1. For the stretch A:52-67, state whether one or more residues are away from ligand 2 (no atom under 16 Å from the Cβ) and touching a helix residue (DSSP H, G or I) at 6+ places or on another chain (Cβ under 6 Å).
2. Residue check: is residue B:194 over 30 Å from residue B:286 (Cβ atoms), modelled with pLDDT of 90 or more, assigned by TED's automatic domain parsing to the domain that holds residue B:143 and surrounded by fewer than 15 Cβ atoms within 10 Å (Cβ to Cβ)?
3. Got at least one residue in the stretch A:12-28 being within 10 Å of ligand 1 (Cβ to nearest atom), within 14 Å of another protein chain (Cβ to nearest Cβ) and under 22 Å from residue B:333 (Cα atoms)?
4. Can you give me the number of residues within the stretch B:329-346 that are surrounded by fewer than 24 Cβ atoms within 10 Å (Cβ to Cβ) and without any contact (Cβ under 8 Å) to a residue 24 or more places away in the chain?
5. Identify, by number, the condition in (1) surrounded by fewer than 18 Cβ atoms within 10 Å (Cβ to Cβ); (2) away from every other protein chain (no Cβ under 14 Å); (3) without any contact (Cβ under 8 Å) to a residue 40 or more places away in the chain that residue A:45 doesn't meet.
6. Out of B:10, B:21, I need the residue that is within 14 Å of chain A (Cβ to nearest Cβ), surrounded by 14 or more Cβ atoms within 10 Å (Cβ to Cβ) and modelled with pLDDT of 90 or more. Which one?
7. Among the residues of the stretch A:98-121, how many are surrounded by fewer than 18 Cβ atoms within 10 Å (Cβ to Cβ) and either within 8 Å of chain B (Cβ to nearest Cβ) or under 24 Å from residue A:7 (Cα atoms) (or both)?
8. Tell me, please, whether a residue that is within 14 Å of another protein chain (Cβ to nearest Cβ), over 30 Å from residue B:47 (Cβ atoms) and buried (at least 22 other Cβ atoms within 10 Å of the Cβ) can be found in the stretch B:347-370.
Ligand SMILES: Nc1ncnc2c1ncn2[C@@H]1O[C@H](COP(=O)(O)OP(=O)(O)OP(=O)(O)O)[C@@H](O)[C@H]1O
Ligand SMILES: [Mg+2]
């Protein structure tokens with residue numbers, strides 16, 4: 001367990017209030033640390049709290065209690081604007097439903113996080129083209145989302161997630177809406193981003209086979225971590241790579 | 001904040017749903033269009049009215065015999081008799097009494113209409129008996145020869161001053177019309193006059209009556225000595241006449257003096273009195289009528305703009321709801337709330353400004369038609385256009401603010417989950 005800690009969550013709780021008497025305790029005293037360059041999968045039954053956890057990891061939501069330090073930045077008492085900026089610079093989201101901006105070309109979609117980061121036009125267009133080239137979508141960069149297949153959309157989304165060179169990629173069921181062949185391709189792309197880009201990746205999935213490809217599998221049940229195992233052979237390699 | 005991107009985004013959004021965009025803009029288009037139309041027509045009319053009046057002369061006074069308050073028991077009056085009207089002698093006495101103030105007096109007696117014929121050529125005319133003072137007071141511009149003079153009047157000469165249009169129709173511009181005899185065909189017979197002068201025909205907003213007639217059928221005025229007109233007229237005396245005060249005289253004050261003088265003359269006349277008007281008062285009246293119309297139209301336009309603005313707000317609220325996921329995604333990618341707010345305000349401004357520009361074009365088109373019907377000249381006021389477009393922009397900000405704030409306040413997680 002060498003290397004810089006990217007995600008440092010200690011005793012996180014998350015409650016939802018739906019009307020006064022009903023309080024839902026969804027995440028229960030959860031602690032989780034992820035080091036730089038890791039490829040972690042989070043598995044668990046539906047409703048176990050995976051997405052809720054991911055929203056907090058992704059700085060979209062604040063925990064009800066507990067401490068979260070992301071890449072050295074304490075998140076708990078941040079303002080909304082600061083949370084936006086942290087998401088913009090530190091996190092790349094990949095959604096199950098792609099969530100590309102409609103009526104904006106693949107290129108514009110990849111440029112968007114860089115636009116919000118205040119990068120000038122030339123630099124961001126250049127970088128967006130490189131990223132689209134990396135995911136194999138350069139020839140489709142002027143196409144709009146409704147002109148792309150599901151797998152193509154997800155590749156554009158991965159390029160977009162990498163735009164601001166974030167500390168980690170958060171992927172919530174990235175292959176959930178794709179057939180197995182296309183899902184395979186997207187998964188290979190995530191492996192490429194991990195190996196060649198050295199990115200930290202947190203993958204949420206139902207699919208045990210996909211989880212088995214990752215270095216570490218965290219299993220959640222009823223808002224608690226019930227198992228946390230490393231997939232030795234791959235992880236050994238990886239830790240070395242991230243240290244160099 | 002990302003102004004260019006937001007504008008391009010808004011335009012792309014509008015393009016993707018053109019009918020909806022147009023319907024949204026309709027209120028703005030109608031509102032701005034009617035403001036532009038009325039202001040442009042109003043300006044054209046005001047300038048044409050003041051042109052007309054100032055060509056008549058600001059120091060002219062109209063003296064007009066009118067009925068006193070209509071008597072409900074006797075009903076409407078019968079015909080005016082000569083004794084109710086102003087006689088030549090009274091006029092001469094009036095002129096002598098105020099010799100220091102009066103520059104000229106114009107009298108006229110209508111002598112019906114007719115046709116000038118020469119072989120197959122013809123021209124329509126209205127015949128008006130006038131005196132030498134009419135040239136200045138009615139601002140008649142001579143082209144050839146001379147206007148009727150005092151001798152023509154006192155000697156009752158059969159002299160005529162005709163329009164250039166008539167000359168064109170009868171002489172085809174080939175022969176010199178001066179000194180030529182023309183035959184006038186009226187219902188009651190034929191008469192012949194000698195042309196002593198030609199004046200330049202000018203149409204104004206009050207003649208013409210909005211009808212566009214061909215030059216051939218156009219009816220122009222032929223001036224003959226008033227004394228000649230009197231020979232066939234029912235009344236020898238005058239129902240009205242015009243006085244031009246000397247340049248050094250204050251016309252408004254003199255109009256009061258004239259009113260008193262004629263009030264004295266008509267003191268014993270139960271049925272009739274004299275009304276004095278000067279052109280300044282006419283002009284003020286005409287301008288205030290126009291202003292009233294403008295205020296009414298402005299009120300209607302304001303309502304249209306309000307309704308249009310609410311329409312824009314409504315469609316923006318729909319747009320925010322439709323794009324909830326997009327907003328969630330943008331926030332996840334790091335957009336601050338203010339960026340989202342700006343994006344929607346810019347979109348609302350773009351809708352309103354495009355609506356405003358279409359409205360301006362539509363209004364100018366409408367004004368061009370209206371101005372054409374009124375025979376005035378179209379003058380496009382650049383400041384009004386700038387103000388209109390600027391105002392549309394304000395409507396965009398005002399009615400876009402609430403939907404934009406709503407979008408900005410969306411919780412990213414809920415927005416991302418929205419289906
Ligand atoms: N905003 C909310 N208000 C109330 N309850 C919520 C809210 N968000 C999530 N929950 C509840 O929290 C629990 C966990 O939800 P979560 O979306 O994290 O599950 P998940 O593990 O991602 O499931 P899945 O695999 O189906 O996506 C569920 O029971 C859900 O009903
Ligand atoms: Mg989930």
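1. Yes, the stretch A:52-67 contains at least one residue that is away from ligand 2 (no atom under 16 Å from the Cβ) and touching a helix residue (DSSP H, G or I) at 6+ places or on another chain (Cβ under 6 Å).
2. Criteria met by residue B:194.
3. Scanning the stretch A:12-28 turns up no residue that is within 10 Å of ligand 1 (Cβ to nearest atom), within 14 Å of another protein chain (Cβ to nearest Cβ) and under 22 Å from residue B:333 (Cα atoms).
4. 1
5. For residue A:45, the failing item is (3).
6. Result of the check over B:10, B:21: B:21.
7. Matching residues across the stretch A:98-121 total 3.
8. Scanning the stretch B:347-370 turns up at least one residue that is within 14 Å of another protein chain (Cβ to nearest Cβ), over 30 Å from residue B:47 (Cβ atoms) and buried (at least 22 other Cβ atoms within 10 Å of the Cβ).
The values are calculated or read from the model by the stated rules, or taken from the named source; none is laboratory data. Note that this is a predicted model, so its numbers are computed, not measured. Glycine gets a Cβ as well: all are built from the backbone with ideal geometry, and neighbour counts include every protein chain shown.
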